[in-house]
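The values are calculated or read from the model by the stated rules, or taken from the named source; none is laboratory data. Keep in mind the model is a prediction, meaning the values are calculated, not measured. With ideal geometry, Cβ positions are generated from the backbone for all residues, glycine too; neighbour counts draw on all protein chains shown.
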């Protein structure tokens with residue numbers, strides 16, 4: 001029997017988003033579920049954007065610094081992609097300019113965080129001194145995602161630069177082992193979601209990720225409480241580019257797992273913590289993550305037809 005999120009459980013989640021989540025997640029919920037306006041989503045993004053065009057101010061909740069970072073900026077661009085933004089969307093040209101300025105010519109990469117990350121509480125994996133090591137030299141994360149957003153919203157990136165950067169990251173992907181690190185894989189999925197990606201490049205990336213997926217995703221439900229890659233992280237909808245790679249039984253089990261993990265308050269909690277670093281800062285981050293994850297899971301459950309009474 002197909003397991004569904006009950007209507008009462010859905011309403012608890014909606015109540016949480018309306019009353020406890022950040023204005024951004026509330027506006028995104030209304031956009032996706034209630035024909036809410038793009039204008040409200042854009043207005044909710046404004047407080048996170050800095051004068052340099054980049055985004056900060058804990059848009060990525062585990063990094064509390066107000067300073068702009070590449071990771072927060074591509075988080076904002078993901079939101080803009082969700083709402084169908086184009087090159088003239090307010091805030092977007094400045095964000096692209098920030099990404100071009102953040103490019104490190106010597107390494108041909110985008111450092112994922114700036115030194116200013118140290119000026120405010122943050123999760124230990126966002127420590128600036130260890131960032132290059134923690135994120136494998138930034139060759140995939142955030143490089144692949146940045147190239148995807150520059151490709152999609154290309155106004156400031158010179159064609160020659162963008163072509164060379166895209167070719168370089170795809171060539172590196174072809175040399176990657178079949179077992180891919182979680183966030184590296186997700187960055188390449190961001191690239192794959194770029195509608196303007198040239199067809200030949202799309203096919204190369206798609207083929208590589210389809211072969212890597214079974215070896216990179218945690219298929220055993222006993223592992224899903226840990227750090228690993230959950231099946232629905234890579235297949236959030238049945239129309240995802242990588243759909244069909246994993247067995248239907250794995251997807252069904254993943255959906256049942258998500259339904260079972262909803263909290264009594266209607267929200268889905270994160271399965272990580274850094275309260276041992278700064279309890280007060282983590283408490284704020286955790287509240288924000290609950291809104292982010294609740295919206296994410298509702299979108300996935302709806303996409304798979306797993307919310308009772310909701311098409």
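The table below lists the values:
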| read-out | value |
| --- | --- |
| Within the range 172-187, considering residues that are part of a helix (DSSP H, G or I) and out of contact with any helix residue (DSSP H, G or I) (no Cβ under 8 Å at 6 or more places or on another chain), the one farthest from residue 84 (Cα to Cα) | 172 |
| Members of the range 93-117 found to be part of a helix (DSSP H, G or I) and out of contact with any helix residue (DSSP H, G or I) (no Cβ under 7 Å at 6 or more places or on another chain), listed by number | 93, 94, 97, 100, 101, 116 |
| Answer from 241, 270 - the residue that is under 18 Å from residue 185 (Cα atoms) and either assigned to a loop (DSSP other than H, G, I, E, B) or modelled with pLDDT of 95 or more (or both) | 241 |
| Test: residue 293 is outside any loop (DSSP other than H, G, I, E, B) and within 18 Å of the chain's Cα centre (by Cα) | yes |
| So residue 77, is it part of a helix (DSSP H, G or I), on the phi < 0 side of the Ramachandran plot, in contact with a helix residue (DSSP H, G or I) (Cβ under 9 Å, 6 or more places away or on another chain) and touching a residue at least 60 places away in the same chain (Cβ under 8 Å) | yes |
| Sole residue being surrounded by fewer than 22 Cβ atoms within 10 Å (Cβ to Cβ), at pLDDT 95 or above and part of a helix (DSSP H, G or I), chosen from 15, 51, 57 | 15 |
| Residue among 66, 90 that alone is at pLDDT 95 or above, surrounded by fewer than 19 Cβ atoms within 10 Å (Cβ to Cβ) and not in a helix (DSSP H, G or I) | 66 |
| Selection within the range 18-48 - outside any helix (DSSP H, G or I) and without any contact (Cβ under 8 Å) to a residue 12 or more places away in the chain | 34, 35, 36, 37 |
| Residue identified as closer than 18 Å to residue 12 by Cβ and either surrounded by 13 or more Cβ atoms within 10 Å (Cβ to Cβ) or touching a helix residue (DSSP H, G or I) at 6+ places or on another chain (Cβ under 8 Å) (or both) among 251, 307 | 307 |
| Subset of the range 269-296 [free of Cβ contacts under 8 Å to residues at least 60 places away in the same chain, in contact with a helix residue (DSSP H, G or I) (Cβ under 7 Å, 6 or more places away or on another chain) and either under 24 Å from residue 221 (Cα atoms) or buried (at least 20 other Cβ atoms within 10 Å of the Cβ) (or both)] | 269, 270, 273 |
| Failed item, numbered, when residue 180 is tested on (1) buried (at least 17 other Cβ atoms within 10 Å of the Cβ); (2) at pLDDT 95 or above; (3) farther than 25 Å from residue 299 by Cα | (2) |
| Test: residue in the range 143-160 that is within 25 Å of residue 286 (Cα to Cα) and not in a helix (DSSP H, G or I) | no |
| Residue satisfying condition, being buried (at least 19 other Cβ atoms within 10 Å of the Cβ) and modelled with pLDDT of 95 or more, within set 235, 206 | 235 |
| Residue count, the range 188-236 (criterion: free of Cβ contacts under 8 Å to residues at least 60 places away in the same chain, assigned to a helix (DSSP H, G or I) and under 15 Å from the mean Cα position of the chain (by Cα)) | 7 |
